[in-house]
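Some notes on the structure that comes next.
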Amino acid sequence: MTDAPYDLAPGEVSIFGRAARMAASGVGIYTIGLVLAVILTATSFWVANTSLLWALGVPMGLVVLAIAQMGVHLVFFLHITTAPDNTNNVLALAFGVLIVFLVVVGSLWIMTDLNTNMMQSAEQMNLMRP
Amino acid sequence: MNVAVAVYDVKQDAFAPASEAGPAPKRVVVGFGFWVFLLSDIVMFSALFAAYAVLVHATAGGPAGPQLFNQVSVAIQTACLLASSYTCGLMSLAVSAQRRLDTYRFAFVTFALGAAFLALEIREFAGMIASGAAPQTSAFLSAYFTVVGCHGLHVTAGLIWLAVMMAQVAIKGFRPAVDRRLLCFALFWHALDIIWVWLFIAVYLMGVLP
């Protein structure tokens, strides 16, 4: 029977993909996660400090690395999977990600727009300075 | 039939079809509820992150990121929190195997690493405030202390929670209620690490970019 009666509690290891779970059960899962997270963290620090990369692309690269590391934490530490017994957990996560995205991108968008449209001349800015 | 007793901590060995399975076991309900709380906590942090991102250039003539942030300290803090997340995972394994000594051992390492993280953060804050970069100096610093300090408060709460849980394991043993609380603690601790990933990348590393 592949139809699990309940979703798993988040943080619990899925019973699906048993072969994969046997191969890297318990300590193995956390160790893979740690190794990946360390690699991504080290890469982030390198990217922020190197002069080899195109400077304008560095912030975007850092965001990508952060998203990747978030994925590693979700999969290997929190055991959030795409297995059928994780549907509720994934749906809640998806909704959370949607709200986070709206809040952050929406704020940045609106505030940048306001800054551009309300930009005062240099003279006025000087008058306002304490 | 007493449904409340029937669903309470039943071990689900055999699979019934979803339509016949009845209410989910308490461990699943508690874990999911805590997961929803964590997501709402992350939504709260997203508002603080948005405020920081909007105000990051509003330094009001005061110090900015490159003068304030010490990358070595941040790297050590990151290592501490990541390692403590790992030992927290090992503690979860010890809990599910009901190995009491391993649980204490990994909980102690988790606690020590979390406390080291917190000590570094407090030292950093104290140094910044002593050098005149206090929260009231500029909007940038207000947002910085709010978002990083809020994470620090969460870590403090996590450390207290961990100590309480170890006392519960010592006194009550691995009963289902304690196991559920330990599951929630592990979720909380891993979620804090996810927030720290965004903190060290979006605040510290992006803050020192030229």
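Only the coordinates and a few stated rules stand behind these numbers; no lab work does. Since the model is a prediction, treat every value here as computed from it, not as a measurement. Every residue, glycine as well, gets a Cβ built from its backbone with ideal geometry; the counts of neighbours run over all protein chains shown.
So here's what we get for this one:
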| read-out | value |
| --- | --- |
| Computed [θ] at 222 nm, deg cm²/dmol, the protein assembly as shown (DSSP H ≥ 4; -39,500 (n - 2.57); rounded to nearest 500) | -23500 deg cm²/dmol |
| Extension reserve of the A:LEU91-A:THR31 stretch, reckoned as 0.36 nm per residue once the Cα distance is removed | 18.9 nm |
| Exercise: per-residue mean of other protein chain Cβ atoms within 10 Å, B:66-79 | 1 |
| The stretch B:95-210 - Rg and Dmax from Cα coordinates, angstrom | 17.3, 54 |
| Proxy reagent accessibility, fewest Cβ within 10 Å first, across A:VAL35, A:VAL58 | A:VAL35, A:VAL58 |
| Dipole in debye (nearest 20) - chain B, about Cα centre, beta carbon charges: Lys, Arg +1; Asp, Glu -1 | 520 |
| Under the Debye formula (equal points on every Cα, no solvent term), log10 I(q)/I(0) of chain B at q = 0.08, 0.18 Å⁻¹ | -0.37, -1.21 |
| Sorted by Cβ neighbour density within 10 Å, fewest at the top, the residues B:TYR104, B:TYR52, B:TYR86 | B:TYR104, B:TYR52, B:TYR86 |
| Rg over Rh [alpha-carbon atoms, Kirkwood Rh] for the protein assembly as shown | 1.02 |
| Globularity index of the stretch A:17-80, i.e. its alpha-carbon radius of gyration over 2.2 N^0.38 Å | 1.37 |
| Inter-label distance, nm, simple model (7 Å from Cα along the C-beta direction), A:TRP46/A:PHE101 | 3.0 |
| Exposure proxy order (Cβ contacts within 10 Å, fewest to most) of B:VAL95, A:VAL100, B:VAL72 | B:VAL72, A:VAL100, B:VAL95 |
| Degrees separating the helix B:26-55 axis from the principal Cα axis of chain B, which is the longest one | 10 |
